[in-house]
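Colleague: I have a structure here, written as structure tokens, and I will follow up with some questions on it.
The values are calculated or read from the model by the stated rules, or taken from the named source; none is laboratory data. Values in this document were obtained by computation on a predicted structure and should not be read as measured data. Backbone-built Cβ (ideal geometry, glycine too); neighbour counts: all protein chains shown. Protein only, heavy atoms only, side chains kept; ligands, DNA and RNA dropped before computing areas. Shrake-Rupley method; radii C 1.70, N 1.55, O 1.52, S 1.80 Å.
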Amino acid sequence: MGVDETGLLRRVGGGFILQRDRGGLYRLDLHRTPVDLVEKRVRVRGVLIGPDHVDADGVQPA
């Protein structure tokens with residue numbers, strides 16, 4: 001299922017999560033590390049690979 005969501009990008013441990021604008025969290029599998037976007041509002045596009053797990057195609061400023 002396709003995902004196109006906005007929210008706050010956060011670093012947790014060795015990975016990243018999206019704190020969704022609609023509520024809830026997504027764990028993100030990222031192909032590139034968007035260090036400059038951490039703690040900023042972003043848009044994430046990708047594919048849902050689990051109940052709260054997204055294989056992200058890209059992260060960009062919202």
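Colleague: Compute the whole-percent fraction of alpha carbon pairs in the stretch 1-41 spaced more than 11 Å apart.
Modeller: Cα-Cα pairs in the stretch 1-41 separated by more than 11 Å: 65 percent.
Colleague: Heavy-atom accessible area per residue, the chain, 1.4 Å probe: how many Å²?
Modeller: 63 Å²
Colleague: For Gly58, enumerate residues with amide H under 5 Å from its amide H, sequence gap 5+ or separate chain, H modeled in the peptide plane.
Modeller: Close amide H contacts, sequence-distant or interchain: Arg45.
Colleague: Just to confirm the filter: which trypsin sites (Lys or Arg not before Pro) across the stretch 1-30 are DSSP coil and have at most 15 other Cβ within 10 angstrom of their Cβ?
Modeller: Counting only loop positions with at most 15 other Cβ atoms within 10 Å, the trypsin sites (Lys or Arg not before Pro) in the stretch 1-30 are Arg22.
Colleague: Go through the stretch 9-14 residue by residue and turn each phi into a ³J(HN,Hα) via Karplus (6.51, -1.76, 1.60, θ = phi - 60°); whole Hz please, and just put x for glycine and proline.
Modeller: The phi angles translate into 7, 10, 9, 10, x, x Hz.
Colleague: Taking all protein chains in place and a 1.4 Å probe, what share, in percent, of the accessible surface of the chain do carbon and sulfur account for?
Modeller: Answer for the chain is 48 percent, counting heavy atoms of protein chains only.
Colleague: Label 7 Å along Cα→Cβ of Asp55; the stretch 1-38 residues with amide nitrogen under 13 Å?
Modeller: 1-3, 29-31
Colleague: Can you give the net charge of the other residues whose Cβ lies under 14 Å from the Cβ of Leu9, counting K and R as +1 and D and E as -1?
Modeller: Taking every Cβ under 14 Å from that of Leu9, the sum is +4.
Colleague: Right, another one. Would you pull out the residues with amide H under 5 Å of Lys40's amide H, same chain only if 5 or more places away, H placed 1.01 Å from N?
Modeller: The answer is Leu9.
Colleague: Something else: Work out how much length Lys40 to Leu25 would gain on full extension: take 0.36 nm times their residue separation and subtract the Cα-Cα distance, in nm to one decimal.
Modeller: 3.9 nm
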